[in-house]
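The values are calculated or read from the model by the stated rules, or taken from the named source; none is laboratory data. Only a predicted model underlies this, so the values are computations on that prediction, with no experimental measurement involved. Cβ sites come from the backbone with ideal geometry, for glycine too, and all protein chains shown count toward neighbours. Quick note on the areas: whole protein, heavy atoms, side chains included, nothing else; ligands and nucleic acids left out. Shrake-Rupley method; radii C 1.70, N 1.55, O 1.52, S 1.80 Å.
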Amino acid sequence: NPSSSSLTQNSVVPELPGFYYDPEKNRYFRLLPGHNNYNPLTKESIQYKAMECKRLRLLEEEEQQKKKTTRAGLNSSMLLQKRQLGLLSSTSYCRLVHELKVNCMQRRKIEIHSPDSSVAGTNNFKIIVADVACERIFTVNDVEHGGCKYGIINLSGLGKESLTVEMYDNLYFTNRKVLEKSLFSLTHSSKLCLMGIAETPGCASLLPASLFSSTNPGDRPGMLCSFKISTAWSCAWCLNPQADNCFSTGLTRRVLVTNVVTGHRQTFGTSSDVLAQQFATQTPMLYNGCRSGEIFSIDVRQRNRKGHSWKAVRLFHDSAVTSIRLLEAEHYLMAADMAGKIKLWDLRTAKCVKQYKGHHNEYAILPLHVNEEEGLLTAVGQDCYTRIWSLQDAHLIRTIPSPHPSSKDAIPSVVFSSRLGGRRGVPGLLMAVKQDLYHFSYN
């Protein structure tokens, strides 16, 4: 048919309601609403098939090392030549070297060992979070009978020749949903984690890192403290000395700041659910991201008052804010929302100065990972792709497909650092998906 053959020559094929055009067969097919076993041709199945074909194609290109830099002319010899000629500052040179290395990262699977052979590799990873020194990562895993368990993975065995890590579980688990966590260091030798648990009854708990060790389980300390907090969406720990020993939980239409020593609580009423939180370190300010799209800060030294006069900085997104990250100088704040937008805000002028495009999100609470030393921003989308941008100019450097088929329960959790395993660690990206842990190492 001349009319149907002409469709393939057009750049845009007309979309007919209730029909799907197959470019391979060059014809339209009727779509049936919903899912059924007799005619599996639905809009959802077609979209999933197209996404899976794209993922497999990208994986094949990466295995064949066909990945090229996204900036024209970016290569090691060009960078070195410009540096020797004085055309690049040391900061710009290091940033572009990291960008070049990120483009060349190769995926390798990590072998996980555990003192208990029945533990390693039997549960799906939900979340991984690195400690301050990137020597260990805190993990949240599913358990077969429902709920979650917690563990710590030691990264000291992560080297160029051997990719093995040691995983230690603790004696505690929960049958409820685990929120975003914050790993922090109170002293140089003691690391603790703040763990938020949602639903009713919920709680926020402080766990000592020594709880996860290879020593005799009978010698392990117990949970430091646990606070019953219901309907919690987020939590954050304060490292500012003016408000130390405090943590905050974002609840339904309110913020609750708790002192873990005295048990004193302050409540700040909000007009929306608080989905993301972070404390500043240079000032006693708490930044909050809400379901309504509003971002506001609270000075935790002041007493709560009625009304909204206690809100200092106020920023606005068009969709629910799912993650916020303060940059080191604390003049800028990075925020992501459920519309897939990632914006960099100047807190001094309350204006958006950069937008990082390509992120995909519709309804999930997904974290942002900012690495200022390397000049990189990393985020995993709801489509299960890990994207890395340049912090300086918002350029999308690399898009990494998941090693597993995309699904709601297989969204990867990642950690990026140039010192994985400590001061002499190896640089790269850690990715936890399903039961597997992968290392994308610098080449």
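May I ask you to derive the FRET efficiency for S271 and N75 from their Cβ-Cβ distance with R0 = 60 Å, giving the value to the nearest 0.05?
Plugging the Cβ-Cβ distance into 1/(1 + (r/R0)^6) gives 0.70.
At a 1.4 Å probe radius, carbon and sulfur cover how many percent of the accessible area of the range 253-296?
Answer for the range 253-296 is 46 percent, counting heavy atoms of protein chains only.
Amide H neighbours of K354 under 5 Å, at least 5 residues apart or on other chains, H built in the peptide plane: list them.
Here the answer is L344, since their amide H atoms fall under 5 Å of that of K354.
Give me, ordered by chain and number, the residues 5 or more places off R398 or on other chains with an amide H under 5 Å from its own placed amide H.
Counting only residues 5 or more places away or on other chains, the set is I388.
Run the numbers for K82 and K49: contour at 0.36 nm per residue of separation, minus the present Cα-Cα distance, in nm.
This chain segment gains 7.4 nm when fully extended.
Beta carbons within 10 angstrom, averaged per residue: use that to sort the peptides 15-22, 386-393, highest first.
386-393, 15-22
Leaving out ligands, DNA and RNA, what percent of the accessible area of the range 310-443 is carbon and sulfur, probe 1.4 Å?
C and S atoms contribute 46 percent here.
Arrange the peptides 341-351, 283-293, 47-57, 408-418 so that the one whose residues have, on average, the most other Cβ atoms within 10 Å appears first.
Taking the mean over residues of other Cβ atoms within 10 Å, the ranking is 283-293, 408-418, 341-351, 47-57.
At q = 0.12, 0.14, 0.21, 0.24 Å⁻¹, what is the log10 ratio I(q)/I(0) for the range 230-330, with the Debye formula run over Cα points and no solvent?
For the requested q values the scattering log ratios are -0.33, -0.46, -1.08, -1.43.
Kindly provide the GluC sites (Glu not before Pro) of the range 254-359 that DSSP labels as loop, not H, G, I, E or B, and whose Cβ sees at most 14 other Cβ atoms within 10 Å.
Those satisfying the criteria are E328, E330.
Grab the beta carbon distance between N259 and Q282, set R0 = 25 Å, and tell me the FRET efficiency rounded to 0.05.
With a Förster radius of 25 Å, E is 0.75.
What is the Å³ per residue value for the convex hull set by the Cα atoms of the range 288-383?
107 Å³
Which whole-Hz ³J(HN,Hα) couplings does the range 128-144 yield from phi under the Karplus relation 6.51 cos²θ - 1.76 cosθ + 1.60, θ = phi - 60°, glycine and proline marked x?
Those phi angles translate into 10, 9, 8, 6, 4, 8, 6, 7, 9, 10, 8, 10, 10, 10, 6, 10, 4 Hz.
Viscosity 1.567 mPa s, temperature 4 °C: Stokes-Einstein D of the range 391-443 from its Kirkwood Cα radius, in µm² per second?
102 µm²/s
To the nearest 0.05, how large is the calculated FRET efficiency for E161 and L56 if R₀ is 30 Å and r is the Cβ-Cβ distance?
Between E161 and L56 the formula returns 0.50.
Rounded if a/c is under 1.5, else prolate if a/b is larger than b/c, else oblate: which is the range 244-289, with a ≥ b ≥ c the root eigenvalues of its Cα gyration tensor?
oblate
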